[in-house]
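These notes are about the structure you will find just below.
The values are calculated or read from the model by the stated rules, or taken from the named source; none is laboratory data. These figures come from a predicted structure and were not determined experimentally. So basically every Cβ, Gly included, is an ideal-geometry build from the backbone, and we count neighbours across all protein chains shown. Please note that ligands, DNA and RNA were not included when accessible areas were found on the heavy atoms of the full protein model with its side chains. Shrake-Rupley method; radii C 1.70, N 1.55, O 1.52, S 1.80 Å.
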Amino acid sequence: MSETRPSVATDETQPFWDGIAAGRLMMPFDEAANAWVWPPAHDGFVWKQVSGTGRVESYSTVHRAPSANHARQGPYTIAFVTLDEGIRLFTRIVDCAEQNLAIGMRVCARFEPVDGEQQPLAVFAPLEPGALA
Amino acid sequence: MSGKVNIAGIAELPQGKSQWPSPMAFHETLVKAALDDAGSDLTEVDVLFTVEPRADPYLVHAIALAERLRIQPEFTWSFTSGGCVPITMLQAAHDLIAAGRARTAVIVAADLPLTSVSRSKYVENLAQVGPIHPEFEAPYHPPVPGMFALVAQAYLAATGQDERALMQVALHDREMAARHPNAHMRAPMDAEAYSASRLIATPLRLLDCAPVSNGGGAVVLTRDGGSGVKVRLKGSGSATSQMHLTAARSLTQFDAGLSLQSAMKAAGVTMADLDLINIYDCFTIAMLVNLEDMGVSPRGQAASDFAAGRFGPAGELAINTHGGLLSHGHPARAGGMGNLIEAIVQLRGLAGDRQVADCEVAAAHGMAGVFASHATCVLAREEA
């Protein structure tokens, strides 16, 4: 199973990455507090599947990547998405023309690598068909 | 807080592309110059605090510096607190002297990101071991400016402003830096130059970002002695929010205000008493958000206050008369030292044509990560 998670993942977060590999968004839930816990914090939470839909809370199109490798991929859009369950998730927005990006737009999770890499990640695409490039 | 500690010496050299044979040579020069300024010398030093430079890793950098200087101060520590570190070191050194545990402290925050590694490598390393969550943010390859850009986008939308609000900060800092002989970026900047600078991560342009600078400085604190003008640490305060933006309670409001309130309470002053405040502005958005979170301007109004000249040396409350991180410079882990040194220079009345008239009380602020934590100190001038 260690091949399906990034090297910085831990046994504690394995269920998250197992979910990604299987095309599901699994998030930590604290049953005693009746609240989602993100990023994962203290122990004593269970992993539950979430809907994978949400709204863009903020976005930014990166024109200068952190290293030369990523510069070859061209501009890409990072974002915070607030899932319908109320969790804020850092991610990429894909399949959306830059002029159509908007705070509040409805998006839905996909599970695919970025930048030609191997590791699948949760990325988000617009729900409305009109927003596609 | 005890009034028996004097901020007695400072040293700062030109920031930017200055070349040094080694980071240690730079540190040695700053230490000796600050001690000289304080009328002291290496034999008196029993506290040596440093931030470990990105350019020069050791097991304990401060001890390596002590070795270089051939001294063995009792308290020789290196600190990690992001951009808060000049103020956290100042507080810790002050408290040791005030408690009677030490008599002469040297704090050094200096770094040479342009000298030891290439600038592009520095930027790449910063995104890997910087304020980005290694598991849940880093895999998406955000550059550090991208994280601030996310705050900027949300802030501008929430306050109904456009990028011209960011521009006001860039213009202010550049105008101030033009008057500072040590500033990294001094070439005049107008609205056209700002708008022409290339996009880094929307809405942030190159001129919304502090440069990568060699630089930093040193400060000496001593037990009080003799007469004349003294510079006192009247109080300081911190605030801790989160390490990563994913965990923040909001993308547009953070806790700079809590650290300022804590510092002013410890110092026994209010905002009305401040003649100057130097705010940590690694990006233009950091200035706008921190300034409004501090309550200096109402929400959404900081940019128009800058445009109205409210924050120049002759304005209602002077801000970043040295040019801030944006134009005075951002020397990697030493970012924020310029804020502290300028506060001291102003209180001494030695700021030349940047001088704030009757500058009696000055605050300096530092911030770690992407609004992760804050530290603020309130300094005052006293005639002993």
Check your understanding: Over chain B, what number does the Rg to Rh ratio reach, with both radii from the alpha-carbon atoms and Rh per Kirkwood?
Key -> 0.94
**Study point:** Largest-first ordering by accessible area, 1.4 Å probe, given options B:Ile319, B:Ile71
**Key:** B:Ile71, B:Ile319
Check your understanding: Magnitude of the Cβ-charge dipole of chain B, K/R +1 and D/E -1, about the Cα centre, nearest 20 debye?
Key -> 280
Check your understanding: Around B:Arg348, with a cut-off of 11 angstrom between Cβ atoms, what is the net charge of the other residues, counting Lys and Arg +1 and Asp and Glu -1?
Key -> 0
Review point. Beyond 17 Å, what percent of the Cα pairs of the stretch B:1-84 remain?
Key: 53
Exercise for review: Place a +1 charge on the Cβ of each Lys and Arg in chain A and a -1 charge on the Cβ of each Asp and Glu, then give the dipole magnitude about the Cα centre in debye, rounded to the nearest 20.
Suggested key: 400
**Study point:** Furthest towards positive pole of dipole, B:Leu258, B:Leu206, B:Ala105, structure part chain B, Cβ charges
**Key:** B:Ala105
Revision key, fill the gap. If R0 = 51 Å, then B:Gln19 and B:Ser250, at their Cβ-Cβ distance, give a FRET efficiency to the nearest 0.05 of 0.75
Check your understanding: Using θ = phi - 60° and the Karplus form 6.51 cos²θ - 1.76 cosθ + 1.60, what ³J(HN,Hα) does each residue of the stretch B:357-372 get, whole Hz, x for Gly and Pro?
Key -> 4, 6, 7, 10, 10, 9, 10, 10, 10, x, 9, 9, x, 9, 6, 7
Exercise for review: Just tell me how shielded B:152-158 is by partners: mean number of partner chain Cβ atoms within 10 Å of each residue's Cβ, no decimals.
Suggested key: 4
Point to revise | Accessible surface ranking that places the most exposed of B:Glu44, A:Glu57 first, with a 1.4 angstrom probe | key: B:Glu44, A:Glu57
Point to revise | Cα-based helix-to-principal-axis angle, B:119-128 vs chain B, degrees rounded to 10 | key: 80
Study note, to complete from the structure: Ranking B:Glu137, A:Glu117 from most to least accessible area with a 1.4 Å probe gives A:Glu117, B:Glu137
Study note, to complete from the structure: Expressed in square angstrom to the nearest 10, the accessible area of A:Arg64 with a 1.4 Å probe stands at 110
Exercise for review: Could you tell me the number of lysine pairs in chain B with C-alpha atoms less than 27 Å from each other, where the two lysines are 8 or more residues apart or belong to different chains?
Suggested key: 10
Check your understanding: Label B:Glu383 and A:Glu128 with points 7 Å out from Cα along Cα→Cβ: what is the distance between them in nm?
Key -> 6.7
Review point. What accessible surface, in Å², does a 1.4 Å probe find on A:Leu89, ignoring ligands, DNA and RNA and rounding to the nearest 10?
Key: 10
Check your understanding: Peptide A:107-116: average number of partner chain Cβ atoms within 10 Å per residue?
Key -> 1
**Study point:** Peptides B:202-208, A:120-126 ordered by average Cβ neighbours within 10 Å, highest first
**Key:** B:202-208, A:120-126
Practice item. Please give, to one decimal in nm, the separation of the simple spin-label points placed at A:Asp95 and B:Ala191, each 7 Å out from Cα toward the Cβ. Key: 4.2
Exercise for review: Obtain the nm distance between the two label points defined at B:Arg101 and A:Glu85 by a simple spin-label model: each point lies 7 Å from its Cα along the Cα-to-C-beta direction.
Suggested key: 4.6
Review point. Looking only at B:Phe136, B:Phe371, B:Phe306, which one moves most when chain B is put into a Gaussian network model with springs between Cα atoms under 10 Å?
Key: B:Phe136
Check your understanding: Taking a ≥ b ≥ c as the square roots of the eigenvalues of the Cα gyration tensor of the stretch B:206-359, is the shape rounded (a/c under 1.5), prolate (a/b larger than b/c) or oblate?
Key -> rounded
Exercise for review: Using packing as a proxy for protection, rank B:356-364, B:7-15 so that the peptide with the highest average count of other Cβ atoms within 10 Å comes first.
Suggested key: B:7-15, B:356-364
Exercise for review: Mind checking B:195-204 for the average number of partner chain beta-carbons within 10 Å of each residue's beta-carbon?
Suggested key: 4
Practice item. Just order A:31-40, A:45-54 by mean Cβ neighbour count inside 10 Å, highest at the front, would you? Key: A:45-54, A:31-40
Exercise for review: On a 0 to 90° scale, report how tilted helix B:144-159 is relative to the longest principal axis of chain B, with both axes built from alpha carbons and the result rounded to the nearest 10.
Suggested key: 60
**Study point:** Unit charges on C-beta of K, R, D, E only; dipole of the protein assembly as shown, Debye
**Key:** 520
Point to revise | Label-zone membership for the stretch B:1-37, site B:Glu74, 7 angstrom Cα→C-beta point, backbone N under 18 Å | key: B:4-6
Study note, to complete from the structure: Reported to the nearest 10 Å², B:Asp37 has, with a 1.4 Å probe, an accessible area equal to 70
**Study point:** Bridge type composition, chain B - antiparallel percent by DSSP, nearest 5
**Key:** 75
Check your understanding: Out of B:Pro331, B:Pro188, B:Pro113, any idea which swings most in a Gaussian network model of chain B, alpha carbons joined below 10 Å?
Key -> B:Pro188
Review point. Going by the alpha-carbon gyration tensor, a ≥ b ≥ c the square roots of its eigenvalues, is the protein assembly as shown rounded (a/c under 1.5) or, if a/c is not under 1.5, prolate (a/b greater than b/c) versus oblate?
Key: prolate
Review point. In the Gaussian network model of chain B, springs joining C-alpha atoms below 10 Å, which of B:Thr270, B:Thr88, B:Thr252 carries the largest mean-square fluctuation?
Key: B:Thr270
